[in-house]
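Working notes, beginning with the structure itself.
The values are calculated or read from the model by the stated rules, or taken from the named source; none is laboratory data. Please read all numbers here as calculations on a predicted model, not as lab measurements. Positions of Cβ are generated from backbone atoms using ideal geometry, with glycine treated the same way; all protein chains shown enter the neighbour counts.
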Amino acid sequence: MSGRIITLDEFIFEKQKDFPYASGELSGLLRDIGVAAKIVNRDLGKAGLVDHIIGQTGTTNIQGEEVKKLDEFANNILIECLKTSGECCGVASEEEDTFISFHESQRYSNAKYVVLFDPLDGSSNIDVGAPVGTIFSIYKRVSPIGGACTIEDFLQPGTAQVAAGYVMYGSSTMLFYTTGAGVNGFTLDRSIGEFCLSHPDVKTPVMAKTYSCNQGNYATFSPSVKTFIDYCQSSDGKKPFSLRYIGSMVADFHRNLIKGGIFMYPGTASAPKGKLRLMYECNPLAFLQEQAGGKADWGGGRIMEIVPTELHQRTIVYIGSAGLVEKLMEG
Ligand code: AHM
Ligand code: MG
């Protein structure tokens, strides 16, 4: 890309002008998440040093300070950034047992958004320096403004999301988000400390030849998933599909979002309803994927139409290029 750099803050500000009645609160929230992502990114960059040179996480470092696990650290950073934002009345995190309401401070009395997030998805990858991610999902509260948040504010179907996105901490750190008007992606320019527009209006190819799943579980997949994988491997004498699986959903999803492909986490013997979380992982990525022209299904309909019954609910997920998800659903 050439031309003038557009930072995340500038872009959000420009987009806000497209919605004449927007109060700017959602824009403020997205900016706060961007700030949290930069802090997490900074500390992730030291992960190898912390674990192998300075001291193991969970122990005390040479300054006598406790070395926090990075997923706990990311969780705390996000909660703090959102709590002090003034636009968010409560959060739910994959790392917390239940939701947290910020209603006790007067400052948040008018806040109308709740944010759900997985602070550091794929965290088992940190030890080996492989990519990890933060995933977030934003809803308007349904309970009266000013009071404590209720579980109903959080248990909304994915179709009610007003914004969603992820940050991938990889060879580059990237932030992709949607507010329901397409998907835009930003890359962190470390020299100036800003996310800069690098992937405007992302569209996922309708067809592609990449599939991503933990094929070690093949024996326990359903017959239709096995048939689809067999199709990917044989391709009727033409070049078979490529299997690409990092084991970090954001990274696997991100590659397929841009290049095309399908990510699958089917039911397995140990997790018949799937492993991944509906509210923290699948709904936000489904929103992004649909906005980029792809599909996200659980085998019986759209992921975003599932009516949630619990915060930490899990779901089967098939997400990616529209043509591939449709092919799998045909059975
Ligand atoms: P986590 O939230 O505990 O990190 O687990 C989620 C991760 C995803 O990022 C990834 O797609 C999946 O677990 C990998 O699971 P598996 O190791 O079973 O293939
Ligand atoms: Mg996770």
Please determine whether any residue of the range 122-134 is closer than 25 Å to Gln289 by Cα and at pLDDT 95 or above. yes
Quick one: would you say Leu311 is over 30 Å from Ser198 (Cβ atoms) and not basic (Lys, Arg)? yes
Show the residue pairs that are 6+ apart or on different chains and have beta-carbon atoms under 8 Å apart, the first residue being within the range 239-255 and within 18 Å of Ile135 (Cβ to Cβ), the second being within 14 Å of ligand 2 (Cβ to nearest atom) and β-branched (Val, Ile, Thr). Ser248/Val132; Met249/Ile135; Val250/Val132; Val250/Thr134; Val250/Ile135; Val250/Val167; Ala251/Val132; Asp252/Ile246
For the range 284-331, give me each residue that is hydroxyl-bearing (Ser, Thr, Tyr) and under 17 Å from the mean Cα position of the chain (by Cα). Thr315, Tyr318
Of everything in the range 112-135 that's surrounded by fewer than 24 Cβ atoms within 10 Å (Cβ to Cβ) and under 19 Å from Asp153 (Cα atoms), which residue is nearest to ligand 2 (Cβ to nearest atom)? Tyr113
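Check Gly260, Gly237, Gly293 and return the single one that is more than 16 Å from ligand 2 (Cβ to nearest atom), modelled with pLDDT of 95 or more and surrounded by fewer than 20 Cβ atoms within 10 Å (Cβ to Cβ).
Values: Gly260 fails: surrounded by fewer than 20 Cβ atoms within 10 Å (Cβ to Cβ); Gly237 fails: modelled with pLDDT of 95 or more.
Criteria check complete, one pass: Gly293.
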